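Have a look at the structure below before the remarks.
The values are calculated or read from the model by the stated rules, or taken from the named source; none is laboratory data. Just so we're clear, the structure is a prediction, and the values are computed from it rather than from any experiment. No Cβ is skipped: glycine too gets one built from the backbone with ideal geometry, and neighbour counts run over all protein chains shown.
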Amino acid sequence: MEKITDFIKEREELNEQTLKFADKNIKRFFSLDSQCYNEGALDKKTKEMLGLCASMVLRCDDCIKYHLIEARKVGVTDDEIKEVFSIALMVGGSIVIPHLRRAVIAWEELKEAYL
């Protein structure tokens, strides 16, 4: 669990420092990123699963952890996560496997001790 809590703490600290440094364009991008995941025609749960899948295909471990945390918060189930992982693997191919492995461990940590 320490890995997830360390990630959350570091991400919060880095975001705080980045936003202190940021100009208007960087702040606008950060805001747009947050707004995209708000409820709309698609619910937040679906959007988090889409973000997770895209992050896995793009092979961004930080984004994967972030979307796993958010997915857990909005009630994504094991069965749903398995389907997201399957789609990401299908779309991204075998290069996704290392990220899939780390995502499985992170998901299990989240289930055990966070939220």
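Anything in the stretch 59-115 that is in a loop (DSSP other than H, G, I, E, B) and either touching a residue at least 40 places away in the same chain (Cβ under 8 Å) or surrounded by 14 or more Cβ atoms within 10 Å (Cβ to Cβ) (or both)? List them, or say none.
Within the stretch 59-115, 59, 60, 74, 76, 114, 115 meet the criteria.
Look at the stretch 1-35 and say how many of its residues are modelled with pLDDT of 95 or more, over 15 Å from the mean Cα position of the chain (by Cα), in a helix (DSSP H, G or I) and among the charged types (D, E, K, R).
So the count comes out to 6.
Under 6 Å between Cβ atoms, at least 6 apart or on separate chains: pull out the pairs that start in the stretch 1-30 with a residue that is closer than 12 Å to residue 65 by Cα and end on any residue that is assigned to a helix (DSSP H, G or I) and at pLDDT below 95.
Going by the 6 Å Cβ cut-off, the qualifying pairs are 4/109.
Looking at the stretch 33-53, can you tell me whether even one residue there is touching a His at 6+ places or on another chain (Cβ under 6 Å) and not small (Gly, Ala, Ser)?
Yes, there is a match, as at least one residue in the stretch 33-53 is touching a His at 6+ places or on another chain (Cβ under 6 Å) and not small (Gly, Ala, Ser).
Among the residues of the stretch 39-84, how many are more than 15 Å from residue 8 (Cα to Cα) and out of contact with any Leu (no Cβ under 6 Å at 6 or more places or on another chain)?
32
Can you tell me which condition residue 41 does not meet? The list is (1) outside any loop (DSSP other than H, G, I, E, B); (2) out of contact with any helix residue (DSSP H, G or I) (no Cβ under 6 Å at 6 or more places or on another chain), and all the others hold.
Failed condition: (1).
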